[in-house]
Amino acid sequence: MPSTTGPAAPGRRSCPPLVAAFLLALLPLAGCAQGPGEQEGGLDGSSAPSLWSSSRLVHARAIVHHPGTSRTARPTLSNARVGALFAHDTSGDHFCTASVVASPGRSLLITAAHCVHSGGRGGYNSDIVFTPAYRNGRTPDGIWQPSSIVVDPRWADAGDPDFDVAFIVLKPLKGKHIGEVLGANKLGTDKGFTNRVRVTGYPEGGDEPITCGNRTSQQSAHQMRIVCTGYSGGTSGSPWLVGFDPVTQSGSVIGVIGGYQHGGNTDDVSYSPYFDAAVRKLYEQAVAREK
């Protein structure tokens, strides 16, 4: 982080060098300059000022976002490509998350397979709708219906968690495909197990999406893991985004919450199948169904 140096103003205390090196952004709030009523003190602690008083720590926590801590997602174009899945219509609760992924027909979503197919020779759950940018009951970018859903046979036949990924082909809405309206993130495969990603999704019963950034790790031969707080039921299918470009407001989806334990048995640790050639093949099968 850049820093500045220079003589301290008369009667004001400059920050210790190590503090200034990594807390430049906090200087106005952290109070490194001596204020009214503070006294200069020595190293014996008898009258030394407290650089990290409880009030200063509260300010620091308020403006520093720690990796692995979720917060409400801002209403940006990138976040608008993530939406909630509802059963039949929007009159009930949303139950999963999906997001727009780039394709030639500009009509594809990606989500977890267990959101749309019960697995183990079960059936498809196709009576669903997708609501991008859903917030507080509002659907600013429309309510979209599926025309086709694709899951891997190994999920459909046995519910194999390593293949807990699905693609949804959406019908056009008002003569347009969803990718024309919102753009899309690319599909990323074979990107390795360790990446810094952002995960955005809709907790069940919540009115707004949450988002969190952290580094992924390897859970098993075909599963990834991330620590992010607050990802409860409803966030299955949330995209794991890397390589975000602020100009295009897009990146690459390299995972979705799902897989091991259907995405995780606790709210603060989530999983995803590793996206490899099998996911790329499934994507190509979904592309073939676009009209």
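The values are calculated or read from the model by the stated rules, or taken from the named source; none is laboratory data. Note that the structure is a prediction, hence the values are computed from the model and not measured. Neighbour counts are summed over all protein chains in view; Cβ atoms, including those assigned to glycine, are modelled from backbone coordinates with ideal geometry.
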### Query
touching a His at 6+ places or on another chain (Cβ under 8 Å), more than 24 Å from TYR283 (Cα to Cα) and either aromatic (Phe, Trp, Tyr) or in contact (Cβ under 8 Å) with a residue 24 or more places away in the chain (or both): does that describe TYR134?
yes
### Query
Which one is surrounded by the fewest Cβ atoms within 10 Å (Cβ to Cβ), of the residues in region 228-272 that are over 23 Å from PRO132 (Cβ atoms) and among the hydroxyl-bearing types (Ser, Thr, Tyr)?
THR266
### Task
Answer yes or no: is there a residue in region 202-217 that is among the hydroxyl-bearing types (Ser, Thr, Tyr), in contact with a His (Cβ under 8 Å, 6 or more places away or on another chain) and either modelled with pLDDT of 95 or more or part of a helix (DSSP H, G or I) (or both).
yes
### Message
Show the residue pairs meeting these rules: Cβ distance below 7 Å; 6+ apart or different chains; first residue within region 140-160 and in contact (Cβ under 8 Å) with a residue 40 or more places away in the chain; second residue charged (D, E, K, R) and buried (at least 21 other Cβ atoms within 10 Å of the Cβ).
### Response
TRP155/ASP164
### Message
Cβ contacts < 7 Å: first residue part of a loop (DSSP other than H, G, I, E, B), restricted to region 263-276; second residue small (Gly, Ala, Ser), any location; separation 6+ or different chain. Result?
### Response
GLY264/SER270; ASP267/GLY230; ASP267/SER232; PHE275/GLY188; PHE275/GLY255
### Query
Between residues in region 172-186 that are assigned to a loop (DSSP other than H, G, I, E, B) and residues that are surrounded by 17 or more Cβ atoms within 10 Å (Cβ to Cβ) and among the charged types (D, E, K, R), which pairs lie under 6 Å by C-beta distance while being six or more apart or on different chains?
HIS177/ARG106
### Query
Going through region 108-151 one residue at a time, which ones are crowded, with 23+ Cβ neighbours inside 10 Å and out of contact with any strand residue (DSSP E or B) (no Cβ under 8 Å at 6 or more places or on another chain)?
HIS114
### Query
What residue, among those in region 79-106 that are of a type in the set (Ser, Thr, Tyr) and touching a strand residue (DSSP E or B) at 6+ places or on another chain (Cβ under 9 Å), is surrounded by the fewest Cβ atoms within 10 Å (Cβ to Cβ)?
THR90
### Query
crowded, with 21+ Cβ neighbours inside 10 Å, farther than 22 Å from GLY83 by Cα and either β-branched (Val, Ile, Thr) or at pLDDT below 95 (or both), is that true of THR194?
no
### Task
With respect to THR189, determine if the residue is assigned to a strand (DSSP E or B), closer than 18 Å to SER99 by Cβ and not acidic (Asp, Glu).
no
### Only one of GLY179, GLY175 that is modelled with pLDDT of 95 or more, under 22 Å from the mean Cα position of the chain (by Cα) and surrounded by fewer than 23 Cβ atoms within 10 Å (Cβ to Cβ)
GLY179
### Answer from VAL227, VAL199, VAL242, VAL256 - the residue that is of a type in the set (Val, Ile, Thr) and more than 28 Å from GLN145 (Cα to Cα)
VAL227
### Query
Looking at region 254-262, is at least one residue in a loop (DSSP other than H, G, I, E, B), touching a Pro at 6+ places or on another chain (Cβ under 8 Å) and within 28 Å of PRO104 (Cβ to Cβ)?
yes
